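Worksheet: the structure to be examined is printed underneath.
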Amino acid sequence: MWSILIFATYRLAKREEAEVSRQFPEQYAAYKARVLTFVPQLSPQRKESLG
């Protein structure tokens, strides 16, 4: 059951990622360069990187 949930969540995230990328190509590319998919960043962010 968990494998189905994980698979469905992954597919939904990829679909939403493509949609946001079409709507905001430059902003999303910058965001994607800073943020990992599904894995949180454990170190604190600096103010300069928040834009």
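The values are calculated or read from the model by the stated rules, or taken from the named source; none is laboratory data. Here the structure is a predicted model, which is why all the values come from computation and not from measurement. We place every Cβ from the backbone using ideal geometry, glycine too, and count neighbours over all the protein chains shown. All accessible areas refer to the heavy atoms of the entire protein, side chains included, with ligands and DNA or RNA removed. Shrake-Rupley method; radii C 1.70, N 1.55, O 1.52, S 1.80 Å.
Among the residues of the range 4-24, those identified as open to solvent by 80 Å² or more (accessible area, probe 1.4 Å) and farther than 15 Å from Phe38 by Cβ are Ile4, Glu19, Arg22, Gln23, Phe24. Counting the residues of the range 11-43 that are β-branched (Val, Ile, Thr) and at pLDDT 95 or above gives 1. Within the range 26-39, the set of residues being surrounded by 10 or more Cβ atoms within 10 Å (Cβ to Cβ) and in a helix (DSSP H, G or I) comprises Gln27, Tyr28, Ala29, Ala30, Tyr31, Lys32, Arg34.
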